[in-house]
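Below is one structure, written out as structure tokens; comments come after it.
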Amino acid sequence: MSVKPAPTHAPSTAKTKNAASSVGAPAQHNQSSRKGKKAWRKNVNIEEIEEGMEGLRAEERVTGSILQKKTDQELFQIDVKGDEHVRKARSKFSNSLLTSAKILAQRSAVPAVHSRASSASALKRKTPTYDEKGRLLRISKRQRRGLFNTVVDTTKVGAGSALMELSEAAKKSGTYDVWTDSVEGTNVKPPSTPHPRAHITLPAVPSPHEGTSYNPLVSSHQELLRTAHEIEEQRVKKAAELNKFKAQMAAASRLATIDEPKGVAPGMLVDEVREGEEDVDAEPTGERVVKKMPARKTKQQRRKAERLRAERRALEEKRARKRTLASIDSAKSMRKALKRSMAARERLHAQRHEAELEKRKKGLAGQRVGKHKVPEGEIDVQLGDELSESLRALKPEGNLFRDRFLSMQHRALIEPRVPILTKQRRAKMKEYEKHAWKRFDREQ
């Protein structure tokens, strides 16, 4: 028998694994099994993607960003003069120097990340403001100290005089000149409503009536007397109506106080049981009868009520449908009637506006402006036996200040007011009896 010699080295069945990829990252590309996704995931070959990513990183280190994101003006330029600084920009190291020096000479275009400011001039340390400091104190739950080392709660308004915020006027102090002619600010739009005095054509000093003359015509004097008599008659009539109303109110209050029962609050009415009447709700024993609740409806009664409601609803819908159909037929006539009514309303509105303007031209006498009514003024007239008939014996009438004041109110220069008379405070007289006079009669 021939015996084969044993091999000196056993054949290796395991495949060698790649220790690292071409870009230096660890890799394990040989797929040993297909039992799970984990084995597939670590054996996937992504060298092409890593090479592409490493190329983009190299471009970013050299140029500061990816070349695909740069414009043509940043990438290309036409050099017609030449760069004088080429010689200065060339590397100072030769091939004979160390490799470490060459590596250190290469600088990336991407700015370095600094954990703190490199110098005080480059990035100055910002001083926190008052509000920022207060916010940091609230976050750290620390107390703010105010004047005289007092604890101040800055969340409340006016907590501590030393820590109150400045007003807007104090913040803007010195920025506005009150003596300048130019006013800077938002343009205020004036209201579209015209002022009442824009339509008033009343003169400042109106011409007096002919009947106020010292030697008037008989007709003018009689007309002025008649006008003054009518005004005074209306005034007396209103005063009499007011007094009558006050008397009625006083009489009603007296009757109410007389008829009120004793032991009852004022204004409260108490029902009294008259003779021959009995309380219906009460039994002879005096106990109140409890009303019975209505019996619950049966199913048949509820179905009947529902059927009646449905019939009533159907009749109402039928009537509404008939009214709608009738209105559709008369739509043209309704439209014409609506146009006529709108035209009439516009004409009436225009007439009222014109009448108001005509009335406004004569002033605001007798009209209400705000709370009060503009007075019409007094009529100064003399009786027949009071007429002087000569300028030398003429006596002054009326009040010049009152006339000017009423004229300014009629021309809407000042608003109507009511004189407020202050009541003078009077001290009450108190009488005291001295001790010496208390027993005067007894000693006698």
**Request:** Over the residues of the range 199-255, compute the C-alpha Rg and express it relative to 2.2 N^0.38 Å.
**Result:** 1.92
**Complete:** Rounded to two decimals, the Rg over Rh value of the range 295-444 from Cα coordinates and the Kirkwood Rh reads 1.48
**Request:** Could you list, in their original order, any pairs among 189/339; 133/172; 189/371 whose Cα atoms are separated by more than 32 Å?
**Result:** 189/339
**Asked** So how much slack lies between residue 310 and residue 62, counting 0.36 nm per residue of separation and subtracting their Cα-Cα distance, in nm?
**Response** 80.5 nm
**Exposure proxy order (Cβ contacts within 10 Å, fewest to most) of 423, 237** = 423, 237
**Request:** For the range 375-433, just say rounded, prolate or oblate: build the C-alpha gyration tensor, square-root its eigenvalues into a ≥ b ≥ c, call rounded for a/c under 1.5, and beyond that prolate if a/b exceeds b/c, oblate if not.
**Result:** oblate
**Request:** Quick one: order 202, 391 by neighbouring beta-carbon count within 10 Å, fewest to most.
**Result:** 391, 202
**Fill in**
Note to self: C-alpha centroids of the range 186-220 and the range 291-342 sit apart, in Å, by 61
**FRET efficiency estimate (nearest 0.05) - Cβ-Cβ, residue 368 to residue 256, R0 25 angstrom** = 0.15
**Asked** According to a simple spin-label model (label point 7 Å from Cα along Cα-to-Cβ), what is the distance in nm between residue 348 and residue 389?
**Response** 5.7
**Request:** Please arrange 364, 137, 75 by counting, for each residue, the other beta carbons lying within 10 Å of its beta carbon, fewest first.
**Result:** 75, 137, 364
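No value in this document is a laboratory result; all are computed from the given coordinates. On a predicted model such as this, the values are computed, not experimentally measured, just so you know. Glycine gets a Cβ as well: all are built from the backbone with ideal geometry, and neighbour counts include every protein chain shown.
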